[in-house]
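Enquirer: Here you go, one structure.
Since every read-out is calculated from the coordinates, none of them should be taken as a lab result. Being a predicted model, the structure only gives us computed values, none of them experimental. Cβ sites come from the backbone with ideal geometry, for glycine too, and all protein chains shown count toward neighbours.
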Amino acid sequence: MITFCQQVAAECRKFSCNDHVLPVGGGRRRRMEDDVCGGQEALPVCGGPRGEVEPFQYTPELIAGPGADLDPSEVTIQGCECRGRSCVVGRCPCLPRGENYVNGRVTLGRDTPILECNVLCGCAETCANRETQRGLQFRLEVCRMPGKGWGLRTKEAVPSGRFVCEYAGEVLGEEEACLRIKSQDPEANNYIIAVREHLHDGRTLRTYVDPTRIGNIGRFLNHSCRPNLAMLPVRSHSMVPRLALFAARDIHAGEELCYDYSGRSFNAEPQSVGDGGPRPRKRCLCGTDLCTGDLPFDGSLYGDKSPKS
């Protein structure tokens, strides 16, 4: 409970996220409604006129899938006893090593995970330490991106450090994640993401999220070798981290939103993306000056047990 939570907040130093391909079209499709989210987000997300995407069940948050050790919807972290409008560093156990947000912005490059106040906390719902729980705060839209298929872009400017959206879906056990990966057609879309948080004592916390069947708008985000989003693990009421995406720089209205699937752009010690594993590498379509030519690849879910950095 709270003791382990504080330990994680103090010990998690870096994380890596791998094992993705571009969310391009393919397979069965259905017509999108005006709001891709079906009214389940704080703001509607336009899908464009007569847009069509492969069918999936929408969820705005993580849900427990096959093999999940913990139910991400279950409140397992003890709340703070603060009574003010907003929690104060040094007094609130949810802020063990400084403020998480300043004027609604996160500090990128931080070496500790984010612990937000939750439903058991005594502070007000307006507490500044609940930023990702406010849902979407910027108008976004799902649209066709030239040469890529579906993508997600912003309809308004997003300042650096601001929360944009989550990457939500089914939380899987490692065995189920491997089974789903191995059962896929090599040319099919793969949305499964593997997040590893490394602790000082040598342990590694692993979280596998799959929005293929049940997910949110995060599933439409494409990879970029020069991303404008950064993914950070955020905990509020559960030890299962929410995969929150923040603006890595000031983003202009109309820009496509992308992040580096490997997480290497924001890790002091990036994880190896492997050597191709048991299936062909897929071509990166980001078109940036830093493009590596291939999408990040983590062979561990395909049975590649070679050591990773």
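Enquirer: In whole Hz and in residue order, list the ³J(HN,Hα) couplings for region 170-182 that follow from phi through the Karplus curve 6.51 cos²θ - 1.76 cosθ + 1.60, θ = phi - 60°; x for Gly and Pro.
Expert: Couplings: 7, 8, 10, x, 4, 4, 5, 4, 5, 4, 5, 5, 5 Hz.
Enquirer: Near E141, within a Cβ-to-Cβ distance under 9 Å, what is the net charge of the other residues, with Lys and Arg +1 and Asp and Glu -1?
Expert: Neighbourhood net charge equals +3.
Enquirer: Still on this structure, please answer the following. Amide H of A248 versus every other amide H placed in the peptide plane: which residues, excluding those fewer than 5 positions away on the same chain, fall under 5 Å?
Expert: Those qualifying (amide H under 5 Å, at least 5 residues apart or on another chain) are G161, L229, A230.
Enquirer: In whole Hz and in residue order, list the ³J(HN,Hα) couplings for region 233-245 that follow from phi through the Karplus curve 6.51 cos²θ - 1.76 cosθ + 1.60, θ = phi - 60°; x for Gly and Pro.
Expert: Those phi angles translate into x, 10, 10, 10, 10, 10, 6, 6, x, 7, 8, 8, 10 Hz.
Enquirer: Once phi is turned into ³J(HN,Hα) by the Karplus curve 6.51 cos²θ - 1.76 cosθ + 1.60 with θ = phi - 60°, what whole-Hz value does each residue of region 86-91 show in order, with x for glycine and proline?
Expert: 8, 6, 10, 4, x, 10
Enquirer: Show me the ranking of peptides 163-170, 106-113, 228-235 by mean Cβ neighbours inside 10 Å, starting with the highest.
Expert: 163-170, 228-235, 106-113
Enquirer: Can you give me the long-range amide H partners of L136? Hydrogens built in the peptide plane at 1.01 Å from N, cutoff under 5 Å, separation of 5 or more residues or another chain.
Expert: A42, L43
Enquirer: Run the quick spin-label model on V89 and T107: label points 7 Å from Cα toward the beta carbon, then report their separation in nm to one decimal.
Expert: 0.6 nm
Enquirer: Using only the Cα atoms of region 145-186, build the gyration tensor, take square roots of its eigenvalues as a ≥ b ≥ c, and label the shape rounded, prolate or oblate: rounded if a/c is under 1.5, else prolate if a/b is larger than b/c, else oblate.
Expert: It is oblate, given that a/c is not under 1.5 and a/b is not larger than b/c.
Enquirer: Could I ask something else about it? How big is the gap, in Å, between the Cα center of region 124-182 and the Cα center of region 196-240?
Expert: Result: 10 Å between the Cα centres.
Enquirer: Choose one of G109, G84, Q137: the residue whose Cα lies farthest towards the positive end of the charge dipole of region 51-146 (beta-carbon charges +1 Lys, Arg; -1 Asp, Glu; about the Cα centre).
Expert: G84
Enquirer: Label region 72-213 by shape, choosing from rounded, prolate and oblate, from the square roots a ≥ b ≥ c of the eigenvalues of the Cα gyration tensor; if a/c is under 1.5 it is rounded, and otherwise prolate applies when a/b is larger than b/c, oblate when it is not.
Expert: oblate
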